[in-house]
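Notes follow once the structure below has been shown.
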Amino acid sequence: MDAPSHSTNEDVTATSQTVAAGQLRALIERIERLEEEKKTVGDDIKEVFAEAKGTGFDTKAIRKIIALRKKDQAERQEEESILDLYMAALGMV
C-alpha cells in the first residue's frame with residue numbers, strides 16, 4: 001500500500017476550507033438579511049407608536065402594557081409584590 005500522497009491531503013484540506021468558507025459566507029449573508037428585516041420591522045413598530053401617539057394614546061403606557069403581556073401572571077404578581085415592598089420601604093405608599 002502506498003502512503004497517501006501529500007497533494008491529496010492538501011486537496012482535501014483546501015476543499016474543506018472552501019466548503020467552510022462557503023458555509024460561513026452563507027451564514028453571514030443570512031444574518032445580514034435578518035438584520036435588515038429586523039430594521040424594517042423596527043421601523044414599522046415606530047410608525048405604529050407614532051400613530052398611537054397621534055391618536056392621543058400614551059405610548060409609555062402602551063410600552064408598559066406590551067412588556068406586561070409578555071410575562072405570565074405569576075411573574076407579574078411577583079414583580080408587583082417586590083415593587084410594592086420596595087415602595088413601602090421608601091415611604092412612597
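The values are calculated or read from the model by the stated rules, or taken from the named source; none is laboratory data. A quick note: this is a predicted structure, and the numbers were derived from the prediction, not measured. Neighbour counts are summed over all protein chains in view; Cβ atoms, including those assigned to glycine, are modelled from backbone coordinates with ideal geometry.
Before moving on, here are some points about what is shown:
- Of all residues in the stretch 62-74, those that are at negative phi have Cβ atoms under 9 Å from Cβ atoms of residues that are among the hydrophobic types (A, V, I, L, M, F, W, C), 6 or more apart or on another chain, in 62/49; 62/52; 63/49.
- Residue within the stretch 63-76 that is of a type in the set (Lys, Arg), in contact with a helix residue (DSSP H, G or I) (Cβ under 7 Å, 6 or more places away or on another chain) and surrounded by 11 or more Cβ atoms within 10 Å (Cβ to Cβ) present: yes
- Failed condition for residue 66, given (1) in the same structural domain as residue 93 (by TED's automatic domain parsing); (2) more than 17 Å from the chain's Cα centre (by Cα); (3) among the β-branched types (Val, Ile, Thr): (2)
- Residue list for the stretch 24-46, filter: under 23 Å from residue 66 (Cα atoms) and of a type outside the set (A, V, I, L, M): 35, 37, 38, 39, 40, 42, 43, 44, 46
- For the stretch 43-62, the set of residues classified as exposed (fewer than 10 other Cβ atoms within 10 Å of the Cβ) and small (Gly, Ala, Ser) consists of 54, 56, listed by residue number.
- Qualifying positions in the stretch 15-30 - β-branched (Val, Ile, Thr) and either at pLDDT 95 or above or in contact with a Cys (Cβ under 9 Å, 6 or more places away or on another chain) (or both): 28
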